[in-house]
Amino acid sequence: PETITVQELANRMAERGADLVKALFKMGMPVTMTQSIDQDTAELLVTDFGHNVKRVSDSDVDLQTEVEADPEDTLKPRAPVVTIMGHVDHGKTSLLDALRGTDVVKGESGGITQHIGAYQVTLKDKSKITFLDTPGHEAFTEMRARGANVTDIVVLVVAADDGLMPQTIEAINHTKAAGVPMIVAINKIDKHEANPQRVRERLLEHDVQVEAMGGETQDVEVSALKKTGLDELVEKIQLQAELLELKANPDRAAEGAVVEAKLDKGRGPVATILVGRGTLKVGDVFVVGAESGKVRALVDDKGRQVKEAGPSMPVEVLGLSGVPRAGDQLQVVENEARAREVAEYRQSVLTQKRTTSAPASLESMFSALK
Ligand code: GDP
Ligand code: MG
């Protein structure tokens, strides 16, 4: 993920470095002039100072195709996509594992858990929730930098014994910058030293008001270790999802975002795609970032081959020409000639960018500062 020093940002904003340091301190981030901050924090700061910011990363404004909205009557409800963020060791991985255990079809499917970067659970009432399984804000910001705003809801994990820590505050900033609703999971409530009320109070200092403090942010006490509070957390996610009225058209050519991608020894390039709209099917021809391909096989998060994947479903795609990047967009196109043409054009745009604007990513990020 990209960063910028406070001094550099101050120069670009034509503000005094000391004023930025002061503002950052108020945001709960005690940093010095020479220290670096991440994009989302920079963006918040810029906005705070009344400047406009336009995010332009090394990727891809021109790699994205304009998104055309689907007609209202084609839209059907879709599962929420949830990202878990929080400070290191506060229990993100433990919570993701525990939530995986709430899947009612897990036992009967015969499939074996595969770590593909995202998974979907089916709840007792048959509704589903998709969890991005690459916790931490790096994946979140990397995807967002490429224009892939796949997260509908952020679950912020705060350890009740440790309280708010620097990465907790960063996560809050990322979530706010993305305009994504947040649910606070106060974890490790089983611990003797746990002090959830202190967490709620400290959150106030960062403009996060949980319900018990008169605000609207939902919070829930959990123990990922003892597996308590999980049902309540799931209920709150469902409630938040209902408010968002998440919908997509499943009956169209698929579009999705790369969650992670790798070169697999046996299977060649493999990408986990989170389908945004439409239904991705075996045999579909597609472009993804600057690569193209034809879906040879689709594999779900339980290692089972599936024929298709609809909105909010994460699925491994085989049959790519190369390895795309996290956050790249996948689009199904009419034929292979078209796929190659688009991919080649995108390759040339990328090459041009790399040669003409070597260290330009941050430069361009703030180029639109006014
Ligand atoms: P991450 O870095 O945020 O992914 O945190 P982990 O899930 O790796 O957890 C860090 C440590 O905290 C591990 O030793 C976990 O066993 C422990 N841990 C996680 N959740 C709980 C909990 O609810 N209660 C207690 N007592 N320990 C927990
Ligand atoms: Mg972890």
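Listed values, structure above:
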quantity	calculated
Rounded to the nearest 20 debye, dipole of the chain from Cβ charges on Lys, Arg, Asp, Glu	700
Average accessible area per residue (Å²) across the chain - probe 1.4 Å, nucleic acids and ligands excluded	47
THR122/ARG338 FRET efficiency (R0 35 Å; Cβ-Cβ; nearest 0.05)	0.45
Packing rank of 73-82, 270-279, 220-229, where each peptide gets the mean count of other beta carbons within 10 Å, highest leading	270-279, 220-229, 73-82
Share, in percent, of DSSP beta bridges within the chain that are antiparallel, nearest 5	70
Interchain or long-range residues, amide H under 5 Å from VAL306's placed H	LEU298, VAL299, ASP300
Segment 224-330: GluC sites (Glu not before Pro) falling in loop per DSSP and having at most 13 other Cβ within 10 Å	GLU245
R0 of 41 Å, Cβ-Cβ distance ASN149-ASP89: FRET efficiency to nearest 0.05	0.90
Segment 199-353 - share of DSSP beta bridges that are antiparallel (%, nearest 5)	95
Point-charge dipole on Cβ atoms (K/R +1, D/E -1) for segment 77-200, about Cα centre, debye to 20	400
Accessible area of segment 147-251 belonging to carbon and sulfur atoms, whole % at 1.4 Å probe	44
Partner aspartates and glutamates for LYS128 [C-alpha distance under 13 Å; skip if fewer than 8 residues away on the same chain]	ASP103, GLU235, GLU242
At most 10 other Cβ within 10 Å, DSSP loop - GluC sites (Glu not before Pro), segment 110-196	GLU193
Cross-link partners of LYS265 among aspartates and glutamates (Cα-Cα below 17 Å; sequence separation of 8 or more within a chain)	GLU316
Relative contact order for the chain, counting Cα pairs under 8 Å that sit 6 or more residues apart, in percent	19
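The values are calculated or read from the model by the stated rules, or taken from the named source; none is laboratory data. Only a predicted model underlies this, so the values are computations on that prediction, with no experimental measurement involved. All Cβ positions, even for glycine, are placed from backbone atoms using ideal geometry, and neighbour counts span all protein chains on display. These accessible areas exclude ligands, DNA and RNA; they are computed on the full protein's heavy atoms, side chains included. Shrake-Rupley method; radii C 1.70, N 1.55, O 1.52, S 1.80 Å.
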